[in-house]
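The values are calculated or read from the model by the stated rules, or taken from the named source; none is laboratory data. On a predicted model such as this, the values are computed, not experimentally measured, just so you know. When we count neighbours, we look across all protein chains shown, and the Cβ atoms used for this are built from the backbone with ideal geometry, even at glycine.
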Amino acid sequence: METKSSLRRIIWSVGYVILALIGLRMATGVESSQAPAPPQRDRTVVRKHWRVEPVKVVGAKNKKKANIEFDKTFADDDDDWLEGFAITVINNSDKTVTAMNLEMVFRRDPGDNRPPAAQGLYFGPSPSGLGYLSRDPNKVIKPGKTAELNLSSEDYQSLKLLLQQTGYPTSIKRVELEISEVGFEDGSVLQAGTLFLPDPRHPNDPTKKIRADKKFHHMRKDSRAPNSKSHARIKS
């Protein structure tokens with residue numbers, strides 16, 4: 001009798017241990033499932049406008065979001081939200097675009113007087129440099145057509161390193177998009193909203209330009225919205 005009683009107590013003890021382990025595991029699972037999600041951070045993509053815009057930025061996206069609205073904050077918990085970043089531009093002029101440069105500008109916080117950082121996205125070589133003479137003649141943006149400029153993985157890593165080395169926070173909240181240079185098939189160049197024409201004394205030298213005395217008269221009347229090379233630098 002005493003042996004059977006001892007055996008019964010051992011069985012009950014083992015059962016209690018098993019039940020306790022099951023309860024602990026269930027409690028741990030519930031606690032894990034209720035763990036707080038990463039905090040959502042507000043991000044903003046700002047589009048800078050010029051008085052004259054023969055080429056206009058009409059779209060932006062990243063690896064998660066296929067359509068980022070300009071000038072509006074959106075929540076994203078990923079500090080690598082600029083990975084896979086791409087922008088779409090449209091040629092609103094009646095002239096073929098042969099090259100352009102768009103800059104992603106990262107401003108400093110208010111009160112920080114250090115210069116901002118910039119990441120260049122290029123559609124062909126600069127229309128004001130000698131490299132323009134060896135451009136791909138088939139790489140153009142026809143009037144009314146669009147093109148996409150992408151931030152490659154390599155250039156994104158370069159940008160991250162620059163931001164880290166120049167004192168930016170890990171979490172970037174805002175980026176400005178600024179078209180800085182557009183080249184056209186006739187040799188004219190629009191720089192920061194100002195038109196420059198080929199110097200008639202040096203018609204075959206893209207580095208020689210003269211400022212136009214008249215406004216840009218080649219804008220399309222409608223604005224229907226239907227590879228690149230880049231580098232990161234400190235913006236002067």
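Only residues that are part of a loop (DSSP other than H, G, I, E, B) and either closer than 26 Å to L177 by Cβ or not assigned by TED's automatic domain parsing to the domain that holds S134 (or both) were counted across the range 189-200, and they come to 2. Right, G131: within 18 Å of the chain's Cα centre (by Cα) and either of a type in the set (K, R) or over 19 Å from T170 (Cβ atoms) (or both) or not? So G131 fails the test. Per this entry, D76 is not counted among residues that are modelled with pLDDT of 90 or more, in the same structural domain as I172 (by TED's automatic domain parsing) and under 19 Å from the mean Cα position of the chain (by Cα). The requirement of being at negative phi, assigned to a strand (DSSP E or B) and buried (at least 19 other Cβ atoms within 10 Å of the Cβ) is fulfilled somewhere in the range 147-162, by at least one residue.
Per the listing S153, S223, the residue uniquely at pLDDT below 95 and within 30 Å of R114 (Cβ to Cβ) is S153. So for the range 201-218 (the condition being modelled with pLDDT of 75 or more, surrounded by fewer than 15 Cβ atoms within 10 Å (Cβ to Cβ), polar (S, T, N, Q) and part of a loop (DSSP other than H, G, I, E, B)), does at least one residue qualify? Scanning the range 201-218 turns up at least one residue that is modelled with pLDDT of 75 or more, surrounded by fewer than 15 Cβ atoms within 10 Å (Cβ to Cβ), polar (S, T, N, Q) and part of a loop (DSSP other than H, G, I, E, B). Taking the range 55-96 as the range and being at positive phi and not acidic (D, E) as the test, only G84 passes. Where residues in the range 167-197 are among the hydroxyl-bearing types (S, T, Y) and out of contact with any Pro (no Cβ under 9 Å at 6 or more places or on another chain), which of them is farthest from A60 (Cα to Cα)? Checking each candidate, the answer is T194. Pairs are defined by a Cβ separation below 8 Å, a sequence spacing of at least 6 or placement on different chains, a first member in the range 48-73 that is under 19 Å from F184 (Cα atoms), and a second member that is in a loop (DSSP other than H, G, I, E, B) and among the hydrophobic types (A, V, I, L, M, F, W, C); the pairs so defined are W50/A192; V52/F216; P54/F216; V57/F70.
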